Amino acid sequence: MSSTVPYQRRTFPLTQPLSTFLWQVRGDGDGVEATGECPRCRCVTTKVITAVQYVTKGPSKPLRELVASGEPRPARCQCATLHTNRPDEVPDGCGASFWIALPPQGLSL
């Protein structure tokens, strides 16, 4: 099923992190996963933070440090819905980028 929501890059300001995402430790123990509704297309999307972070510059941080600060995490819509006008090089999502708030009680890793 395809959506009539066209693909469009859009950035939400840091002052509006979404707190409606459900966070859980992945079953394989390799990171954490947040699942929730994309604020733009309303499709279900998932953000995964793995224990190994690949970086192009500088050292990567351990997973505990990435989630211990409690700061919102950047995310991009990665829903499986086919959105109109999406570029060929973008495999999924509607193009929305947003911030996800970590749970107030934190994550136990």
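Only the coordinates and a few stated rules stand behind these numbers; no lab work does. Values in this document were obtained by computation on a predicted structure and should not be read as measured data.
Tabulated data for the structure shown
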read-out	value
Full-stretch length increase - Asp92, Val44 - with 0.36 nm per residue and alpha-carbon distance subtracted	16.1 nm
Nonlocal amide H pairs with Leu18, under 5 Å, H built at 1.01 Å	Trp99, Ile100, Ala101
Long-range amide H partners of Cys94 with built H, under 5 Å	Cys77, Cys79
Long-range amide H partners of Val5 with built H, under 5 Å	Thr84
